[in-house]
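Throughout, read-outs are computed from the coordinates displayed, never taken from laboratory work. Treat the numbers as computed from the prediction; the structure is a model and nothing was measured. Cβ: placed from backbone, ideal geometry, glycine included. Neighbour counts: every protein chain shown.
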């Protein structure tokens, strides 16, 4: 078993040391998930929904605690962390209120005497999740998946291991049976073995295209259902008649929320030539207005990147763009995991 350290990306301090789960430990967790799944699926839907309501209530009670954990592990500005936890509580409340209707049998007209669509649980689901929204990415998967009668194993990004374990404890504290939701700490090789196991019925991943290809390949080889959400390159298109004064704040926020580390961020701005200069002026001024600094400060909007190697990669991307003719208007200095505006 291998140990690994987690460092606060803002201070550089080691905040925790964890040990990877070995094969025996992972198989034990899978066995526990499989043993509880039948009784969990047979529980009345009203009872499963009540447990999900318990999760929502605990999330609100602990939102400052969980936001601080995210800030320490991946540098998320703490006010945005609080908002993330509140969104997680919302998604739990949504499924707690609507799951019974969403899962109800649906009668359909056919030539048969009676035909209907029934929604049955699959079994144990493996989730591989990223670090950028360490609670939201997990809860938006876990809330409907568990409430539908499945059990779940979570392989979270290594740099948010504390968040992963906190979510596992959250479900236990809310009253979920032991084994219903478990976190595993593993490398790529162990995940491939897990996907191949007959006990895993489906895999969901949010992450990079590289990770998606790997997971999809292994899932395909083992005829497992998979859902993949990969990277995006979303465009924000600005026409000549755009009201820049009204929307420039929205556009800047769409680019820089979560310190720019969002798969749904506005990553390209395609601007009509007639208003290009005006857009650059207003967009730059708006970016400059964001408070940059300590992510533990509630007024900070832009903090550090989640890891130093990510800042190094961004620096290389910027230099490649310069080499191809891009012009630097603002920033372009790096200090550790901090990449300046």
Folded to 0 to 90 degrees: helix 308-323 orientation relative to the chain principal axis, Cα:
50
So for each of 12-18, 74-80 I average, over its residues, the number of other beta carbons within 10 Å; can you give me the resulting order with the highest mean first?
74-80, 12-18
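Once you keep just the Cα pairs under 8 angstrom separated by 6 or more residues, what percentage relative contact order results for the chain? Kindly include the intermediate steps, with their values, before the conclusion.
Numbers: 577 pairs, mean separation 61.7, N = 341.
It comes to 18 percent, rounded to a whole number.
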So residue 268 and residue 320, fully extended at 0.36 nm per residue minus their Cα-Cα distance, gain in nm 17.1 nm
Gain in span if fully extended, residue 229 to residue 340, counting 0.36 nm per residue against the direct Cα distance
37.1 nm
Could you tell me the relative contact order of region 29-100? Use alpha-carbon pairs under 8 Å, at least six residues apart, and round to a whole percent.
39
Does anyone have the angle between helix 276-289 and the longest principal axis of the chain? Alpha-carbon axes, 0 to 90°, nearest 10?
70
Among (1) 1.12; (2) 0.96; (3) 1.01, the value of Rg/Rh (Cα atoms, Kirkwood Rh) computed for this structure carries the label (3)
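222 nm [θ] for the chain, helices only, -39500 (n - 2.57) per DSSP H run of 4+, per residue, to 500?
Numbers: 11 runs with 165 residues, N = 341.
For the chain, the value works out to -16000 deg cm²/dmol.
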Centre separation in Å (Cα based) which lies between region 1-80 and region 212-242
25
With both partners inside the chain, how many of the DSSP beta bridges are antiparallel, as a percent to the nearest 5?
30
Taking a crude spin-label model, label points 7 Å out from Cα along the C-beta direction, the residue 198 to residue 94 distance in nm is 3.7
Between helix 244-256 and the chain: long-axis angle, C-alpha atoms, 0 to 90°, nearest 10
60
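Once you sort the root eigenvalues of the Cα gyration tensor of region 216-305 as a ≥ b ≥ c, which label holds: rounded (a/c under 1.5), prolate (a/b larger than b/c) or oblate (the other case)? Numbers along the way, then the final one.
Details: a/c = 3.95, a/b = 1.55, b/c = 2.55.
Because a/c hits 1.5 or more and a/b fails to exceed b/c, region 216-305 counts as oblate.
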